[in-house]
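First comes the structure, then the notes that go with it.
The values are calculated or read from the model by the stated rules, or taken from the named source; none is laboratory data. Every value quoted in this text rests on a predicted model; they were computed, and no experiment measured them. No Cβ is skipped: glycine too gets one built from the backbone with ideal geometry, and neighbour counts run over all protein chains shown. What goes into the accessible areas is simple: the full protein's heavy atoms, side chains included, and nothing from ligands, DNA or RNA. Shrake-Rupley method; radii C 1.70, N 1.55, O 1.52, S 1.80 Å.
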Amino acid sequence: GLKTIYGLTLTLTLLLSVFAAVAGSVLLASSMTAPLLQLAEGTKAVAEGHFRPVREFPGNDEMNLLTQSFNAMTRQLTDARDAIETKQRELENAKTYLERVLANLSAGVIVLDHEFRLVTANFGASRILVRSLGEDIGRPLQAIDAELADAFSAGFAEQALSGTPKDSWQQQIEVKRAAGTTAEPLMLLARGSRLPLDDGPGYVIVFDDITQVISAQ
């Protein structure tokens with residue numbers, strides 16, 4: 001009877017020990033893999049564009065420090081994204097403001113790229129030249145108005161060849177009216193300067209119609 005009792009007792013003790021060992025190993029494995037699972041979910045979220053922090057675990061071991069470092073990285077990414085979005089909004093607002101200013105200018109403004117192709121032109125330029133320049137964006141100025149292109153090219157060439165380079169040039173330009181009209185030539189007072197663009201150097205020309213002024217003189 002004592003042998004049976006001792007046998008049962010030892011068997012139960014062995015089973016409890018095995019169960020305790022299995023439960024302890026499961027808990028230990030969970031505590032070790034939980035930070036990795038959090039990092040895996042956080043990495044997937046970052047790849048999708050969601051910079052949310054992951055759960056941080058107490059302690060100073062390597063795995064917990066890794067989650068803390070991951071959260072610090074996501075905070076930096078969030079701050080960087082917010083800064084970029086703020087800059088983009090500021091640039092869009094500045095661009096809109098500049099477009100409104102140019103649209104309400106009475107003088108004509110033309111921007112050309114390094115190959116003298118039309119980049120942009122305000123309403124004043126179309127009104128003075130009596131031509132819808134918005135339809136000519138991307139075309140060479142030589143194909144739009146050869147006489148005007150030659151005059152602008154000569155102005156920039158003279159500026160480049162001057163002994164003391166200037167920031168801009170200014171000259172009076174005479175442009176013939178469209179064929180079939182009897183109106184006197186168009187007299188323009190043009191001022192040009194170089195302008196850095198995204199794809200290289202460019203040019204900006206501001207001109208005004210002084211035909212009536214010349215006629216009055």
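Per-structure values
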read-out: Probe 1.4 Å, all protein chains present, accessible-area order of Met73, Met187, Met32, largest first; value: Met32, Met73, Met187
read-out: Solvent-accessible heavy-atom area per residue, rounded to whole Å², over the chain at 1.4 Å; value: 69 Å²
read-out: Residue-span extension gain [Thr33 to Leu77] - 0.36 nm each, minus C-alpha spacing; value: 13.3 nm
read-out: Carbon/sulfur fraction of accessible area - the chain, other protein chains in place, 1.4 Å, %; value: 61 percent
read-out: Fully extended contour minus Cα-Cα distance, from Ile137 to Ile5, at 0.36 nm per residue; value: 37.5 nm
read-out: Rh (Kirkwood; distinct C-alpha pairs) - the stretch 1-153, Å; value: 22.9 Å
read-out: Global form of the stretch 69-217, assessed from the alpha-carbon gyration tensor, a/c cut-off 1.5; value: prolate
read-out: For the chain, with +1 on Lys and Arg beta carbons and -1 on Asp and Glu, the positive-most of Ala72, Pro196, Leu27 along the dipole; value: Leu27
read-out: Sorted peptide list for 13-23, 124-134, criterion being average Cβ within 10 angstrom, highest first; value: 124-134, 13-23
read-out: Mean Kyte hydropathy of -0.5 or more with a Cα span along the axis of at least 27 Å, helices from DSSP in the chain; value: 2-47
